[in-house]
Amino acid sequence: MITYFLENRGEIARLSAEHLVLAGTALLLALIVGFPMGAALTRRRRWAPWVLGAAATVQTVPSVALLALLLMLPVVGGIGARPAIIALFLYALMTVVESVYAGIVSVDPALIDAGRGLGMTEWQILVLVELPQALPVLVSGLRMSAVLCLGTATVASYIGAGGLGDLIFRGVGRGNPFMVAWGAIPATVMAVGVHLFLLRLERRLARRVQ
Amino acid sequence: MIQFEGVSVVYEGGVRALNGVSVAFPRGETTCLVGASGSGKSTLLRLVNRLVDAQEGRVLLNGQDVRSRDAVEHRRGIGYCVQGGGLLPHLTVAENVSLVPRLLGWAPVKAAAAVERTLGLVRLDPARYGARRAAALSGGERQRVAIARALAADPEVLLLDEPLGALDPHLRETLEDELRDLFRRLRKTVVFVTHDMYTAVRLADWIAVLDGGRLLQFGPPREVVTAPANEQVTALLGRRRADLERALSEAS
């Protein structure tokens with residue numbers, strides 16, 4: 001086990017970095033797109049059940065099936081990192097949109113009324129009242145998306161996207177349990193680390209907004 | 001002066017909150033709006049800073065129809081404070097108090113001076129309280145900060161919607177006494193919503209009694225207590241007539 005790590009640490013490190021880039025890029029894109037989407041949805045609440053329903057539907061598609069579908073799609077699909085990032089992005093996007101929406105909707109209406117009564121514009125209410133108040137819920141959503149992305153990124157190896165899934169799939173093929181283990185361990189450590197970090201941030205923020 | 005001319009408000013879903021209310025609140029004096037929940041007292045207050053617009057009738061502030069002005073600009077010129085204070089918990093006391101000055105684009109120095117001045121008015125030491133987070137305050141302190149926030153840009157009109165409703169009776173009476181003195185000293189036009197006739201008698205120069213969206217009576221506290229316009233007003237005076245009469249003699 002240790003010997004395997006020492007002999008292959010270069011490759012393990014490279015695949016870990018690839019893994020992190022896959023999940024990180026997808027997450028960043030999901031934030032950039034999902035944040036305004038979630039905020040916009042709170043101004044069009046009649047659409048919310050439809051958008052959130054569609055979001056939930058996308059999330060029920062098994063990751064292998066989604067990757068397989070993307071593999072066969074022209075232009076955006078195919079093999080490699082790009083379709084894998086698209087798949088991870090789709091999963092993460094929905095969690096981000098949902099949490100931004102849920103966070104803003106749960107803000108105490110009395111605070112929004114106070115903001116409006118003091119003479120804030122709708123934009124100022126969003127930026128000065130709703131977003132800071134929604135931040136813990138938002139970070140909670142980000143945490144779930146991050147863990148989901150880091151986990152699902154292992155499967156992305158199936159369409160040639162690289163990452164730690166390479167070690168796991170190859171290890172299974174060769175019947176090498178150490179190889180499988182050294183694919184799984186860094187992925188798990190990263191997921192747990194991100195989870196704990198964001199959980200602490202979330203709790204600190206939650207204390208701030210009460 | 002705040003004038004209401006035949007004002008009616010119907011909320012979404014058909015609830016009629018106000019029905020043909022005509023009344024005028026004098027400038028520089030405190031008017032308390034008294035009534036049970038659902039009487040329309042909060043709606044009447046919210047008409048003044050356009051949190052609600054009337055379907056019928058007009059609301060005039062110093063002779064100008066409030067609807068002729070941009071709602072956001074209009075609100076920045078009027079102090080507003082609600083039950084519980086509505087302080088933003090993620091901001092400090094000083095940041096909360098300086099919100100309206102900053103919305104108005106005041107220079108930081110001028111806004112800081114306004115914070116000092118208004119915290120002093122509500123008897124909070126700016127040096128001790130300014131940097132504290134709003135969430136770390138007691139109920140009474142929170143109310144004081146909220147009133148300081150409403151006063152910060154030195155508005156001519158103050159709208160207070162049950163500002164002391166969440167406090168225990170003893171603390172409430174102390175703050176009521178302070179507020180009465182403060183309002184008289186600053187000569188603000190104050191509209192103060194309360195469900196408690198005792199509070200109204202202690203604070204008000206004028207009392208407007210509302211029920212079911214209609215104005216039942218408008219007059220000085222003595223008149224409302226000694227000559228209630230009808231049985232509904234009598235019912236709102238409640239069983240504590242002796243308390244009210246004592247408050248009348250204390251307030252005058």
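The values are calculated or read from the model by the stated rules, or taken from the named source; none is laboratory data. The structure presented is a predicted model; accordingly, all values stated were derived computationally and were not measured. Quick reminder, even Gly has a Cβ in these numbers, built from the backbone with ideal geometry, and neighbours come from all protein chains shown. Areas reflect the complete protein model, heavy atoms only, side chains present, ligands, DNA and RNA absent. Shrake-Rupley method; radii C 1.70, N 1.55, O 1.52, S 1.80 Å.
Can you tell me how many residues within the range B:75-104 are more than 8 Å from every other protein chain (Cβ to nearest Cβ) and assigned to a helix (DSSP H, G or I)?
The total comes to 7.
Being touching a residue at least 40 places away in the same chain (Cβ under 8 Å) and among the charged types (D, E, K, R) narrows it down to one residue among B:GLU173, B:GLU156; which is it?
B:GLU156
Looking at B:VAL201, B:VAL209, can you tell me which residue is over 23 Å from A:ASP113 (Cβ atoms), of a type in the set (Val, Ile, Thr), outside any helix (DSSP H, G or I) and within 19 Å of the chain's Cα centre (by Cα)?
Answer to the selection: B:VAL209.
If I go through the range B:222-252 residue by residue, how many of them are open to solvent by less than 30 Å² (accessible area, probe 1.4 Å) and touching a Phe, Trp or Tyr at 6+ places or on another chain (Cβ under 8 Å)?
Qualifying residue count for the region: 2.
Filter the range A:78-120 down to residues that are open to solvent by 50 Å² or more (accessible area, probe 1.4 Å) and part of a loop (DSSP other than H, G, I, E, B) and give me whichever is nearest to the other protein chains (Cβ to nearest Cβ).
A:ASP108
For the range A:141-153: of the residues being surrounded by 21 or more Cβ atoms within 10 Å (Cβ to Cβ) and not aliphatic (A, V, I, L, M), which is farthest from B:ASN96 (Cα to Cα)?
Across the range A:141-153, the extreme among qualifying residues is A:THR152.
Name the residue, out of A:LEU31, A:LEU41, A:LEU69, A:LEU27, that is touching a residue at least 12 places away in the same chain (Cβ under 8 Å), assigned to a helix (DSSP H, G or I), over 30 Å from B:ASN96 (Cβ atoms) and under 21 Å from the mean Cα position of the chain (by Cα).
A:LEU27
Restricting the range A:189-198 to residues that are surrounded by 13 or more Cβ atoms within 10 Å (Cβ to Cβ) and either out of contact with any Gly (no Cβ under 8 Å at 6 or more places or on another chain) or without any contact (Cβ under 8 Å) to a residue 12 or more places away in the chain (or both), which is nearest to A:VAL155 (Cα to Cα)?
Once the filter is applied, the top-ranked residue is A:MET190.
Whether any residue in the range A:49-66 is of a type in the set (Gly, Ala, Ser) and at pLDDT 90 or above is what I want to check.
No, the range A:49-66 contains no residue that is of a type in the set (Gly, Ala, Ser) and at pLDDT 90 or above.
Each row is one residue, and each column tells you yes or no for (1) in contact with a Lys or Arg (Cβ under 8 Å, 6 or more places away or on another chain); (2) closer than 29 Å to A:ALA110 by Cβ; (3) away from chain B (no Cβ under 14 Å).
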{"residue": "A:GLN124", "(1), (2), (3)": "no, yes, no"}
{"residue": "A:GLU130", "(1), (2), (3)": "no, yes, no"}
{"residue": "A:SER145", "(1), (2), (3)": "no, no, yes"}
{"residue": "A:THR152", "(1), (2), (3)": "no, no, yes"}
{"residue": "A:ALA156", "(1), (2), (3)": "no, no, yes"}
{"residue": "A:GLY165", "(1), (2), (3)": "no, no, yes"}
{"residue": "A:ARG170", "(1), (2), (3)": "no, no, yes"}
{"residue": "A:MET179", "(1), (2), (3)": "yes, no, yes"}
{"residue": "A:LEU196", "(1), (2), (3)": "no, no, yes"}
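Given the conditions (1) under 28 Å from B:ARG142 (Cα atoms); (2) under 23 Å from the mean Cα position of the chain (by Cα), which single one is not true for A:VAL129?
The one condition A:VAL129 does not meet is (2).
As an exercise: evaluate B:TRP206 against (1) aromatic (Phe, Trp, Tyr); (2) farther than 30 Å from B:ALA94 by Cα; (3) open to solvent by less than 20 Å² (accessible area, probe 1.4 Å) and give the number of the one condition it does not meet.
All conditions are met except number (3).
Pick from A:TYR91, A:TYR101: which is among the aromatic types (Phe, Trp, Tyr) and at pLDDT 90 or above?
A:TYR101
To keep it simple, each residue is scored yes or no on (1) open to solvent by 20 Å² or more (accessible area, probe 1.4 Å); (2) within 14 Å of another protein chain (Cβ to nearest Cβ).
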| residue | (1), (2) |
| --- | --- |
| B:LEU51 | yes, yes |
| B:LEU60 | no, no |
| B:TRP106 | yes, yes |
| B:ALA113 | yes, no |
| B:LEU119 | no, no |
| B:PRO126 | yes, no |
| B:ALA136 | yes, yes |
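Hey, could you check the range B:33-49 for residues that are open to solvent by less than 30 Å² (accessible area, probe 1.4 Å) and of a type in the set (Gly, Ala, Ser) and say which is nearest to B:TYR198 (Cα to Cα)?
B:GLY35
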